[in-house]
Amino acid sequence: MSTLKIRQWAWPFIKKFRTYIDVGAFNGDTSAPFVNDFKRVIAFEPSPITFPHIPDTVEKYNVALGNKHEIQTLKVPGGTGNPVHGSLVRYGKGVIEHEVPVKCLDDYNFEDVDFIKIDVEGAEINVVNGAVNTIVNWKPIVMFENKKGRNDLVVDFIRNLSYNVKNNKSDWIAWYE
């Protein structure tokens, strides 16, 4: 997911610009560009390879988000040369593995959440299950990846919270009215 996609697809739905939570922030490329737009920008990135590259202008947490507290293995294909697509649920052999803590977004009790971007390579359903209170309480715009229908459960989950959803290729935007 890119900054351009966020500005094109999410921006028209965002009414307030208080708190933006970037889940799967990589090196901050989808969080740092928005520090002047939102009062608070929060990034979650579990990779020890890319996390240090997130600028200090962003509030950042070096953990994965999911639906329970645990330690999981983050698998990064291509090693340090291509750490973009690390995943807790994808990939088999030929990867670099890192043990990472997993927490729930709801544990943080963030307030005034207006936008959440989720791009976690197939683990999006775990993220929304661990963020249900945040989503229900603040009704943020939620943008998430759904390549090849792998995250149709997220679409159903969001719809069950009375959200509207719309897709643009592999990215989905969800808003509450």
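Using mean Cβ contacts within 10 Å as the protection proxy, how do 7-19, 41-53 order, highest first? Please report the intermediate quantities before stating the final value.
Working: 7-19: 15.6, 41-53: 21.2.
The packing order, highest mean first, is 41-53, 7-19.
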Exercise. If you count, for each residue, the other Cβ atoms within 10 Å and average over each peptide, how do 69-75, 130-136 line up from highest to lowest?
Worked result: 130-136, 69-75
For this session: Subtracting the Cα-Cα distance from 0.36 nm times the residue separation, let me have the gained length for ASN133 to THR73 in nm, one decimal.
Result: 19.0 nm
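Considering only Cα-Cα distances, which of the following residue pairs are longer than 22 Å: LYS15/LYS117; LYS60/LYS169; LYS39/LYS103; LYS39/LYS139; LYS5/LYS117? The partial results should precede the final answer.
Numbers: LYS15/LYS117 15 Å; LYS60/LYS169 29 Å; LYS39/LYS103 24 Å; LYS39/LYS139 17 Å; LYS5/LYS117 11 Å.
Distance filter (> 22 Å) returns LYS60/LYS169; LYS39/LYS103.
Percent of accessible area on the chain owned by carbon and sulfur, 1.4 Å probe?
Details: 4080 of 8440 Å².
Carbon and sulfur together cover 48 percent of it.
Report the charge-dipole magnitude of the range 1-65 in Debye, nearest 20, computed about the Cα centre from +1 at each Lys and Arg Cβ and -1 at each Asp and Glu Cβ. Please report the intermediate quantities before stating the final value.
Values: 8 positive and 6 negative charges, 80 e Å.
For the range 1-65, the charge dipole is close to 380 debye.
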Problem set entry | Average accessible area per residue (Å²) across the range 7-78 - probe 1.4 Å, nucleic acids and ligands excluded | 47
For this session: Normalise the Debye intensity by I(0) for the chain, one equal point scatterer per Cα, no solvent, then take log10 at q = 0.08, 0.17 Å⁻¹ and round to two decimals.
Result: -0.21, -1.04
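Net charge near GLY28, counting Lys/Arg +1 and Asp/Glu -1 over other residues with Cβ under 15 Å of its Cβ?
Charge balance near GLY28 sits at -4.
So for each of 115-121, 24-30, 96-102, 58-64 I average, over its residues, the number of other beta carbons within 10 Å; can you give me the resulting order with the highest mean first? Show your work: numbers first, answer last.
Values: 115-121: 23.7, 24-30: 22.1, 96-102: 15.4, 58-64: 19.4.
Packing order, densest peptide first, comes out as 115-121, 24-30, 58-64, 96-102.
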For this session: Report the label-to-label distance for LYS166 and TRP11 in nanometres (one decimal), using points 7 Å from each Cα along the Cα→Cβ vector.
Result: 1.5
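Rounded to the nearest 500, what is the chain's calculated 222 nm mean residue ellipticity when only DSSP H runs of at least 4 contribute -39500 (n - 2.57) each, over all residues?
Theoretical 222 nm ellipticity from helices: -3000 deg cm²/dmol.
The values are calculated or read from the model by the stated rules, or taken from the named source; none is laboratory data. Keep in mind that what you see is a predicted model, and the values were worked out from it rather than measured. Because the Cβ atoms are built from the backbone with ideal geometry, glycine has one as well, and the counts that use them run over all protein chains shown. The protein model used for the area step is the full one, side chains on, heavy atoms only, and it has no ligands, DNA or RNA in it. Shrake-Rupley method; radii C 1.70, N 1.55, O 1.52, S 1.80 Å.
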